[in-house]
1. Going by average Cβ neighbours within 10 Å, how do the peptides 66-73, 49-56, 30-37 rank, with the highest at the top?
2. Taking R0 as 22 Å, what FRET efficiency do you get between Phe108 and His49 from their Cβ-Cβ distance, rounded to the nearest 0.05?
3. For the pair Phe7/Leu70, report the inter-label distance in nm, with labels modelled 7 Å from Cα in the Cβ direction.
4. Go through 4-12, 16-24 and give me the packing order, highest mean Cβ count within 10 Å leading.
5. Which whole number of Å³ per residue matches the convex hull of the alpha-carbon atoms in segment 1-114?
6. Taking 0.36 nm per residue of sequence separation and subtracting the Cα-Cα distance, how much length would be gained by fully extending the chain between Ile91 and Tyr141, in nm to one decimal?
Amino acid sequence: MAQLLFFLYFSGMALFSSVLTIGLRNPIYCTLALLSTFLHVAGLFVLLHAEFLAAIQIIIYAGAVLILYLFVLMLLDLKSSEGFLHRQTWIALFFGLVILAEILIVLFKSPILERSDPAGAAALPAVGNTEAIGLSIFNEYLLPFELVGIILLGGIIGALVLAKQPRPDAKAGGNGAHALEVPLPQTGNGHPEGTPDSVAEETSRGALDKVGSA
């Protein structure tokens, strides 16, 4: 009886939160409703004795994907001047209730809800869901699991390489380093240090010739 009550609560709240996710106008409220949907779906997984899927649902979807949604919403800074709900929310809610009623009718008329044999249920091995998945991954599927890890590592390294590329508008020297312009110190005669003396002598001779011709 308690399991049925929990199922009705989790399923009803998941449906209600999903309707709010597509019905609300404020993107932040939509994200919070989506978070509620993820959490209640995780509760349904717990009722099905799928604890590993419930943990994945919370850690990956509610903890990682939803944070990315929030970052995108904060970067876009979306603002809506319309009402609290969409104008077609009530139409969508009506058809959603019709589809829900059809699903419930099919479930109640199907043999899925028939009581199973308690003797057969007691004969099942008492192995937890998480333990069974761990044994399967690290025994039968160890090589594909390691290959997926290598592929993800290659993606991370590629992202780091792309992020470390120099900007195209930056000035670079011959060896790829940035060229630095260092001003030369001035000497006593007003010419930069390192300037040949012949250039200074030619400049003074040219000035004297102009004075003599005048």
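Coordinate-derived values only; no laboratory data. Bear in mind that the values here come from a model prediction, so they are computed numbers and not experimental data. We place every Cβ from the backbone using ideal geometry, glycine too, and count neighbours over all the protein chains shown.
1. 30-37, 49-56, 66-73
2. After rounding, the FRET efficiency stands at 0.45.
3. Reported label-point gap for Phe7 and Leu70 is 3.3 nm.
4. Listed from highest to lowest mean packing, they are 16-24, 4-12.
5. Dividing the Cα hull volume of segment 1-114 by its residues yields 105 Å³.
6. Full extension of this stretch gives 13.3 nm more.
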